[in-house]
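Visitor: Quick one: the structure is below, and I'll ask about it shortly.
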Amino acid sequence: MSRRALLLAGLPLATQAQAAYAGPIFDAHLHYNDDAQAPHPPADVLARMARAGVRGALVNSRPNDGTLRLVAEAGPQWVPFIRLYRNRADYTGWFADDSIRRMVLELLAKGNEGSPAGPFRGLGEFHLYDSANADGPTAVALMKLARERGLKVLAHVDGVAVHKLLGHAPGTSLIWAHTGISGEPVEQVRELFAKHPGLRGELSYRPGLTHDGRITPEWRALFAAHAGRFLVGSDTWVTPRWQHYESLFADYRGWLGQLPDEVAQRIAWGNAAGLFGLKPA
Ligand SMILES: [Zn+2]
């Protein structure tokens, strides 16, 4: 369609001129919690992912058996992480609770003994609502364990806590859920990326990224400077979020299509493939 024809059709030029990203996507922030499993058994979840063009995922669940159930059915591009919570109460005290560390050790041993889902590859998503708790004894011990075992970490924390956690175990790969918890300034993201080469940002719920469906100039510049540091995810933290799974990724595809192809491919799939040693999708 010509520019003139688009104008005549009343279609916005900017959205028509760029096609949505059409390549594979890795969902770097997926929960498969106990309450989601009856309405959305693995076959339903996998069908939604197939329709969204999601070819692999970082999977965690509360409790952890949901992860094993989904990953065993899904295949090797679905990467199991250990959720630190057995129940809702664990959200607020895990960082100082040694029974959580022991649970992690047991799950790691079990995975390595031939679970159908394969060994766990990371820890998280975990939350710290007060950055001081990044110095809690279990938080420190688990960061050191992650470094020692080559586990990745998915953390829902603020910028201060990112710095503290990586201070306990420099060089560990940490995926920063939502790239902040309250829309941390882009300048702070840049500073943390510069200080911590193992830090990556996952983009669900991230404020400021787009405006009217267009990538904002500050995020366009950040993606250009750090194309290798970002991942996208669904964050299916409550069951109703599964109903919106395909539209969430349609939104991602919309703004990824506004980036150079190579940058979009890295953020959608390539960065996760490098991090987890995935096969080409
Ligand atoms: Zn989450």
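Visitor: Is there a residue in segment 238-247 that is within 16 Å of the ligand (Cβ to nearest atom) and of a type in the set (Val, Ile, Thr)?
Guide: Yes.
Visitor: In addition: From the set of residues in segment 115-149 that are surrounded by 20 or more Cβ atoms within 10 Å (Cβ to Cβ) and farther than 17 Å from Phe276 by Cβ, which is nearest to the ligand (Cβ to nearest atom)?
Guide: Phe126
Visitor: With respect to Phe230, determine if the residue is away from the ligand (no atom under 16 Å from the Cβ) and buried (at least 22 other Cβ atoms within 10 Å of the Cβ).
Guide: Yes, satisfied.
Visitor: If a residue has to be at pLDDT below 95 and among the small types (Gly, Ala, Ser) to count, how many in segment 115-158 make the cut?
Guide: Count: 3.
Visitor: Filtering segment 150-162 down to residues that are over 24 Å from Leu68 (Cα atoms) and in a loop (DSSP other than H, G, I, E, B), which residue is nearest to the ligand (Cβ to nearest atom)?
Guide: Going through the qualifying residues, I end up with Val157.
Visitor: Gly233 - would you say it is closer than 16 Å to Gly56 by Cβ, assigned to a loop (DSSP other than H, G, I, E, B) and modelled with pLDDT of 95 or more?
Guide: Working: closer than 16 Å to Gly56 by Cβ: yes; assigned to a loop (DSSP other than H, G, I, E, B): yes; modelled with pLDDT of 95 or more: yes.
Answer is yes for this residue.
Visitor: Filter segment 187-224 down to the residues that are aliphatic (A, V, I, L, M) and either crowded, with 17+ Cβ neighbours inside 10 Å or assigned to a loop (DSSP other than H, G, I, E, B) (or both), then identify the one that is nearest to the ligand (Cβ to nearest atom).
Guide: If we take residues in segment 187-224 being aliphatic (A, V, I, L, M) and either crowded, with 17+ Cβ neighbours inside 10 Å or assigned to a loop (DSSP other than H, G, I, E, B) (or both), then Leu203 is nearest to the ligand (Cβ to nearest atom).
Visitor: I would also like to ask the following. Quick one: in segment 163-186, which of the residues that are modelled with pLDDT of 95 or more and within 16 Å of the ligand (Cβ to nearest atom) is farthest from Asn60 (Cα to Cα)?
Guide: Thr179
So that you can scan it fast, the table gives a plain yes or no per residue for (1) of a type in the set (Asp, Glu); (2) more than 18 Å from Val238 (Cα to Cα); (3) buried (at least 18 other Cβ atoms within 10 Å of the Cβ); (4) at pLDDT 95 or above:
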position: Gly56; (1), (2), (3), (4): no, yes, yes, yes
position: Asn60; (1), (2), (3), (4): no, no, yes, yes
position: Pro76; (1), (2), (3), (4): no, yes, no, no
position: Pro80; (1), (2), (3), (4): no, yes, yes, yes
position: Arg86; (1), (2), (3), (4): no, no, no, no
position: Ile100; (1), (2), (3), (4): no, yes, yes, yes
position: Leu107; (1), (2), (3), (4): no, yes, yes, no
position: Glu113; (1), (2), (3), (4): yes, yes, no, no
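Visitor: Within segment 115-146, can you find the residues that are outside any helix (DSSP H, G or I), among the acidic types (Asp, Glu) and more than 24 Å from Gly233 (Cα to Cα)? I'd like the intermediate steps shown before the answer.
Guide: Step one: list which residues in segment 115-146 are outside any helix (DSSP H, G or I), which gives 115-130, 136.
In the following step, the residues that additionally are among the acidic types (Asp, Glu) were identified as 125, 130.
Hits for segment 115-146: nothing passes.
Visitor: Moving on. From Arg4, Arg51, grab the single residue that is part of a helix (DSSP H, G or I), away from the ligand (no atom under 16 Å from the Cβ) and modelled with pLDDT of 95 or more.
Guide: Arg51
Visitor: Between a residue in segment 184-210 that is at positive phi and any residue that is away from the ligand (no atom under 16 Å from the Cβ) and of a type in the set (A, V, I, L, M, F, W, C), which pairs come within a Cβ distance under 8 Å, given they are 6 or more apart or on different chains?
Guide: As it stands, the answer is Gly208/Val186; Gly208/Trp219, since those pairs meet every condition given.
The values are calculated or read from the model by the stated rules, or taken from the named source; none is laboratory data. Note that this is a predicted model, so its numbers are computed, not measured. Quick reminder, even Gly has a Cβ in these numbers, built from the backbone with ideal geometry, and neighbours come from all protein chains shown.
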